[in-house]
Amino acid sequence: MSDIGSQKNVLSSSPVTKATQTVRIVIIALLLDLLAFTIILPLFPRLLQDYREREGDDTTLLSWSLHQIYIFKQLIGGESKNPKWDLVLLGGALGSLYSFLQFVSSPLIGTLSDRYGRRNILLVTMIGNILSTLIWLFSKSFGLFVLSRIIAGLSEGNIQLSIAIISDVTSKESRSKGLALVGIAFSVSFTIGPAIGAFFSSKDLSQTFPQLVKWGLNPYSMPALVALILLSVETLYLYLFLPETVNLYHKSQILQPSDTKHQISNSSSFSYHQTNTVSQRLSNLRNLNWIHFLFLFFFSGMEFTLTFLTFDLFNFTNMQNGTLLGYIGILSSILQGGYVRRMAHVVGEKRLVVQGVLCCAISLTIIAALTKTSNGIMWLYLGATFLAITSATVVTCLNSIASMQCDDYDDNDQNLSSVSTNDNNEINSGNITRIAKGQALGVYRSLGQLGRSAGPIMSCGLYWMAGSEKCYGIGAFSMLIILGIVIIKVPYIPTKKQKSE
């Protein structure tokens, strides 16, 4: 009854209120989801060390994985300067596996959300997330822990579906403002979540409840329990309060084949689509997909090796690394809330993407030069400042531009034929052909996750072979190339002022 009542509450509100309420629900749920996700991030090295100590040199998945790390180091000509680095590389490999599985599952999750509804598919993915965390809670072996990460990677749909839902309920003029909240949720979670994980990792449930050790309770079960509670609360919250958005907000805006050109021109929802055909927008989406992949390939790789660099050059402790990452996260949150949300519709999303990629090139250049500068920590934080600008702008605005290439109409209407980024069908003269949002954004996110999967492996290998200066120098040069591609290929979305003129 509360489920029906809560949704009726949203349905009975005005359109603007409905959109605001739905965005708020989505962001609160996403914040809980990302907090649960980031809890594990600082634990990887010691968690893997614990498995290595408990499993020894037996013929286990862990020993096989460490042997593959050894082979990888031999291929790139690296030597083990520190045995802990093997575990860091293994943690990076697990992170890459997680992103690769999202690359596989994201298009399917997006397509299913178009067909069966965002809310229904989001709740199904939450069941997968809860199952994965429950397995982690009782993972007495490294093999079970890897199984939990595999299920988590295949099930994670909250981020892409949150973007799709916000795109469903916001106008193109206000979309960047709504999607900036996703970026703020990321920044806040990546600032607070690791600290929560580090705090609760000191609470050993295996000592508190020794009778459950035989069931798999381990020294790192407490962070898993906290993550499980967060995900359970999130799932209940979504079930009670989140309305379906695929058909809810745009039924009144569906155009039938008989609708006139005059009707189209009078609808603000069609202002961008009116001057860009389906084939043009499909071409834009393909370009955006590959730009998203290239940017995240280099950005995530450089981001992943940052803790290598601080350990290598400055011998940073975990606390110092946490302070640096917290600084980036907090500054990124402030910029997204105070700059991106206010300026995207004023100066245009493309201009913010250009600014962000340029700042990334500047940041990586500064970091590459750290080996040749005095007062290196000051320069490190200057580079981190530019990196925070990149984090605040690029992905959020690319997401917004990609969503604007899609159509907002009812998937079940018989007069509408949908098209994906892989379709080359001509527009059917009898029907209105459209780009299905869930499927298109699923492919878009999928390629981004492929970049996140491959980037850390590439950058680790480059760092081991050539050192920090060449690694980050190549990263900076690559960002300048991406900047040129962005300027040429990313579509320009008219600003609110230009539309009024």
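Based on the Cβ-Cβ distance from Met465 to Thr277, what FRET efficiency comes out when R0 is 51 Å, to the nearest 0.05? Before the final figure, lay out the partial values.
Numbers: r = 47 Å, r/R0 = 0.92.
For Met465 and Thr277, the calculated efficiency is 0.65.
Along the Cα→Cβ direction, 7 angstrom out, place labels at Tyr70 and Ile487. What is the inter-label distance in nm?
5.0
Take peptides 19-26, 151-158, 437-444 and line them up by average Cβ neighbours within 10 Å, highest first, as a rough protection proxy.
Numbers: 19-26: 20.0, 151-158: 22.9, 437-444: 27.5.
Put in order of decreasing packing, that is 437-444, 151-158, 19-26.
Can you give me the % of accessible surface on region 93-160 that is carbon or sulfur? Probe 1.4 Å, all protein chains present, nothing else counted. List each step's numbers first, then the result.
On the way: 1850 of 2380 Å².
Ligands and nucleic acids excluded, carbon and sulfur give 77 percent.
Going from most exposed to least, what order do Trp379, Trp464 have by accessible area with a 1.4 Å probe?
Output order, biggest surface exposure first: Trp379, Trp464.
Using just the Cα positions, wrap region 282-330 in a convex hull and report its mean projected area in square nanometres, one decimal place.
Details: hull surface 16.7 nm².
Averaged projected area of region 282-330's Cα convex hull equals 4.2 nm².
For region 358-374, in order, what is each residue's ³J(HN,Hα) by Karplus, 6.51 cos²θ - 1.76 cosθ + 1.60 with θ = phi - 60°, in whole Hz (x at glycine and Pro)?
Those phi angles translate into 4, 4, 5, 4, 5, 4, 5, 5, 4, 5, 4, 8, 4, 5, 10, 10, 8 Hz.
Ranked highest first by the average count of other Cβ atoms within 10 Å around their residues, in what order do 194-204, 178-188, 363-373 fall? Numbers along the way, then the final one.
Working: 194-204: 17.2, 178-188: 24.3, 363-373: 19.5.
Listed from highest to lowest mean packing, they are 178-188, 363-373, 194-204.
What are the residues whose amide H is under 5 Å from the amide H of Ile435, where those residues sit 5 or more places off or on another chain and H is modelled from the backbone?
When sequence neighbours closer than 5 places are left aside, the close amide H contacts are Asp407, Val419.
What's the FRET efficiency of Thr17 with Ile127 using the Cβ-Cβ distance as r and R₀ = 30 Å, to the nearest 0.05? Can you show the working numbers first?
Details: r = 30 Å, r/R0 = 1.01.
For R0 = 30 Å, the calculated efficiency reads 0.50.
How many nm is it between the label spots at Leu41 and Phe199, if each spot is 7 Å from the Cα in line with the beta carbon?
Result for the modelled spin labels: 1.7 nm.
The values are calculated or read from the model by the stated rules, or taken from the named source; none is laboratory data. Computed from a prediction, not measured in an experiment: that's the story for all the values here. Cβ sites come from the backbone with ideal geometry, for glycine too, and all protein chains shown count toward neighbours. Surface accessibility is based on the protein's heavy atoms, side chains included, excluding ligands, DNA and RNA. Shrake-Rupley method; radii C 1.70, N 1.55, O 1.52, S 1.80 Å.
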